[in-house]
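The values are calculated or read from the model by the stated rules, or taken from the named source; none is laboratory data. All of these numbers come straight from a predicted model, not from anything done at the bench. Using ideal geometry, Cβ is built from the backbone for each residue, glycine included, and neighbour counts are taken over all protein chains shown. SASA here: full protein model, heavy atoms, side chains in, ligands and nucleic acids out. Shrake-Rupley method; radii C 1.70, N 1.55, O 1.52, S 1.80 Å.
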Amino acid sequence: MKIKLVTFLPQTNFGTSLQGYALNLVLKKMGHDVEFIYNRRESRPLSFKSYLKRLTKMLLPEYFVELLKEKVKTTKVNQTSVTSVPSVIQLSNHRILKVLSKLPCYRFFARRWYYDNLQKRKVYKFTFEDGNFNMKRLFVTSDYKAVTKDADLFITGSDQIWNPFCFGYNPMMFLEFVMDKRCVAYSSSISQPSLPKSLEPRIKSALEKFSHIAVREQQSVEILNNLLGRHDVRLVVDPTFLLTPAEWASFSNKAEIEFDLPQKYIFCYFVGGGKRSELYERMVQDVKEFTGITDVINLECYGRSIVYGGGMNYKDAGPYEWVYLLKNASYICMDSFHATVFALKFKKEFVHVMKNTDDEVGSQNTRMYDLLTRYDLLYKIYDENNMDWQRTVDNHRVTPLIEEEIRDSMEYLISELDNN
């Protein structure tokens, strides 16, 4: 079957990268012809100033760009910030880029555009050069029509693609352009306690054409069953759960880490910004004191350079390195959903800190409460006034629960694909 997979494009949020990789691989192992389609509207359009900065990096030698950085300090805009009213993104219609994409030199300049630094080069290699995906970019309206004609089935994958506060409401992620082909969802996430009232009619209209809907949180099940008047929306695990620990270990063997790892280390991975950095620092210091481990490796998301626990900042990691560092860590500190998933997969001790306050607009905490509640692990949420987080994970109890959910999810995924 020809399947068109839609989810967030691989990026320096490595959970995002690897959920797409996992679902793509699972579908291919089933024997399907999978094409990952995208239009690069996973984030808000760049400002004119941002375009100039990117062009400078692309056209000038890297050492010269570094000299300019030392001379001019710029303030980066956090493109993942949220407002009380989520933005609405339009389907792309880049006619000029479509023409340029036909030129022989396009691939060369496209690589330079995304090769800002070693980390982004690794992400680009993982995405476009290692054979992990069959990628197709949609530039103009005719591309959407052509890819629809070529498909037997469209599947929206995992991550927060249906969270309107996560980069905005994206019609691509709701398959608004698909009119006459079957659509299903696997582990798509809303990650909100409710939907904005202003978007409910549009979301309802888009999802009514989906023959099967499976989501990542129980609260999303309830939201969509109520919105659509259905009773068949299902809860399934994130795609990263579907691959075995051995498969992820083999994946991590492709890592190219530029330094020698300590024998024991605390691995820190935070996708939230600096607004909660003081809390993160206190957590890491508490973990150092609790474990007696002094070496700390920070892998900051989105190119940030905050260092916690007096450790080192590893800014050059790609997806392979991220999994390798998780697999070999002695203890893990994170605010990341997917880092928690991998800690459970590799049976690692961890503590999780919420990246948002519960009352924050666009708070993504519901997904973590859902995941940890299902395995009775809420005590692993960091509380500086309560030492319960120091309790170990009973893997003899947790692993069978996870394995049962994986079996159920795989069975449902197969039924989604086979049931017309």
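Averaging the sequence gap over all C-alpha pairs within less than 8 Å and six or more residues apart, then dividing by the number of residues, gives the chain a relative contact order of 16 percent.
Computing FRET efficiency as 1/(1 + (r/R0)^6) for K149 and E360, where r is the C-beta to C-beta distance and R0 is 60 Å, gives about 0.90.
Extension gain for the segment N225 to S250, taken as residue separation times 0.36 nm less the Cα-Cα distance, is 5.1 nm to one decimal. Taking label points 7 Å from Cα along the Cα-to-Cβ direction, M410 and N117 give a separation of 3.9 nm. Measuring between alpha carbons in the structure, the pairs from K122/K145; K197/K380; K122/K347; K125/K348; K254/K327 lying more than 22 angstrom apart are K122/K145; K197/K380; K122/K347; K125/K348. Restricting the calculation to Cα atoms, segment 211-317 yields a radius of gyration followed by a Dmax of 19.3, 56 Å. Pull up the DSSP beta bridges for the chain and report the antiparallel fraction as a percent, rounded to 5. Rounded to the nearest five, the antiparallel share is 5 percent. Taking 15 Å as the cut-off, the amide N atoms of segment 140-179 that come nearer than this to a point 7 Å along the Cα-to-beta-carbon line of K102 belong to 140-143.
Compactness of the chain was expressed as the Cα radius of gyration divided by 2.2 N^0.38 Å, which yields 0.97. Along the axis of the charge dipole computed for the chain (Cβ charges of +1 for Lys and Arg, -1 for Asp and Glu, origin at the Cα centre), the listed residues V178, L207, Y280 are led at the positive end by V178. Our note on the geometry: Cα centres of segment 256-288 and segment 306-326, 8 Å apart. Partners of K209 within straight-line reach, counting aspartates and glutamates whose Cα lies under 16 Å from its Cα and excluding those fewer than 8 residues away in the same chain: D152, E176, D180, E200, D232, E416. FRET efficiency for the pair F290 and V398, taken as 1/(1 + (r/R0)^6) with r the Cβ-Cβ distance and R0 = 22 Å, rounds to 0.60.
Local charge sum around D33 (other residues, Cβ-Cβ under 13 Å, Lys/Arg +1, Asp/Glu -1)?
+2
For segment 267-304, the residues whose backbone nitrogen is under 11 Å from a point 7 Å from the Cα of M387, taken along Cα to Cβ, are 290.
Listed peptides 237-243, 182-188, 144-150, 133-139 appear in the order 182-188, 237-243, 133-139, 144-150 once ranked by packing, highest mean of other Cβ atoms within 10 Å at the front. Each of K315 and K28 was given a label point 7 Å from its Cα along the Cα-to-Cβ line. The distance between the two points is 3.2 nm.
Once the 1.4 Å probe is applied to the protein heavy atoms, segment 188-235 comes out at 44 Å² accessible per residue. In a simple Cβ point-charge model (Lys, Arg +1; Asp, Glu -1; nothing else charged), the chain has a dipole of about 2080 debye relative to its Cα centre. Considered as an equivalent ellipsoid built on the Cα gyration tensor, segment 280-400 has semi-axes of 21, 17, 16 Å, the largest given first. For the cross-link pairs K29/K275; K136/K275; K4/K98, the ones whose C-alpha atoms lie over 30 Å apart are K29/K275; K136/K275.
Per residue, the solvent-accessible area of segment 307-420 (1.4 Å probe, heavy atoms of protein chains only, all protein chains present) comes to 40 Å².
If you add up the charges near V296, with Lys and Arg at +1 and Asp and Glu at -1, over every other residue whose beta carbon is less than 14 angstrom from its beta carbon, what do you get? Around V296, the charge tally is -2.
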